[in-house]
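Accompanying notes for the structure given below.
The values are calculated or read from the model by the stated rules, or taken from the named source; none is laboratory data. Model, not experiment: these values are computed from the prediction. When we count neighbours, we look across all protein chains shown, and the Cβ atoms used for this are built from the backbone with ideal geometry, even at glycine.
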């Protein structure tokens, strides 16, 4: 398997991939990702170079967004002053579930963050998806706090405010990494 940056031509594929993940989440009884993700917002993050795809042959089997920018209102000023990178929208195709693709992708993200100069890999997860929270804890993340107030992407109360972090480190993730070397934090 190889990991590549997403391209603008991949947006429809990524939206379909997210829709598949939303369907699976709904079958598990969670409302996570049930609102369609705006294509223009996805295109912006793809063009920013922060969306990555794992390919197995020609098939997209996982995706993650990795950025030095945090969603507003989640992390304290002190936390934001610490060199960090933030993951979001991690999903793995059901065809590759149970093969540790997500865990390896988290290791890749931590490795990339470390090479960019970050000390922390951080995330915010759905506040009512306890299975997802337990997954991240098993992957070595520590729960920091849960934020329930603040601006949400779609209006209303915040739904993705379960905050967790783990320290970054160089890692063997097993992917053929076809991404450019990350920019060092503060060099952007």
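Some observations on this one:
- Test: residue in segment 149-164 that is modelled with pLDDT of 95 or more, surrounded by 18 or more Cβ atoms within 10 Å (Cβ to Cβ) and part of a helix (DSSP H, G or I): no
- When residue 177 is tested against (1) on the phi > 0 side of the Ramachandran plot; (2) in contact with a helix residue (DSSP H, G or I) (Cβ under 8 Å, 6 or more places away or on another chain); (3) modelled with pLDDT of 95 or more, just one condition goes unmet, and that condition is (1).
- Members of segment 99-143 found to be touching a strand residue (DSSP E or B) at 6+ places or on another chain (Cβ under 7 Å) and free of Cβ contacts under 8 Å to residues at least 24 places away in the same chain, listed by number: 143
- Test: residue in segment 167-174 that is loosely packed, with under 13 Cβ neighbours inside 10 Å, in contact with a strand residue (DSSP E or B) (Cβ under 7 Å, 6 or more places away or on another chain), under 17 Å from residue 111 (Cβ atoms) and at pLDDT 90 or above: no
- Within segment 1-23, being modelled with pLDDT of 80 or more, crowded, with 18+ Cβ neighbours inside 10 Å and within 24 Å of residue 113 (Cβ to Cβ) holds for 1, 3, 6, 10, 14.
- Test set (1) surrounded by 18 or more Cβ atoms within 10 Å (Cβ to Cβ); (2) in contact with a helix residue (DSSP H, G or I) (Cβ under 8 Å, 6 or more places away or on another chain) - residue 59 fails condition number: (1)
- The set of residues from segment 24-50 being at pLDDT 80 or above and more than 17 Å from the chain's Cα centre (by Cα) comprises just one member, 40.
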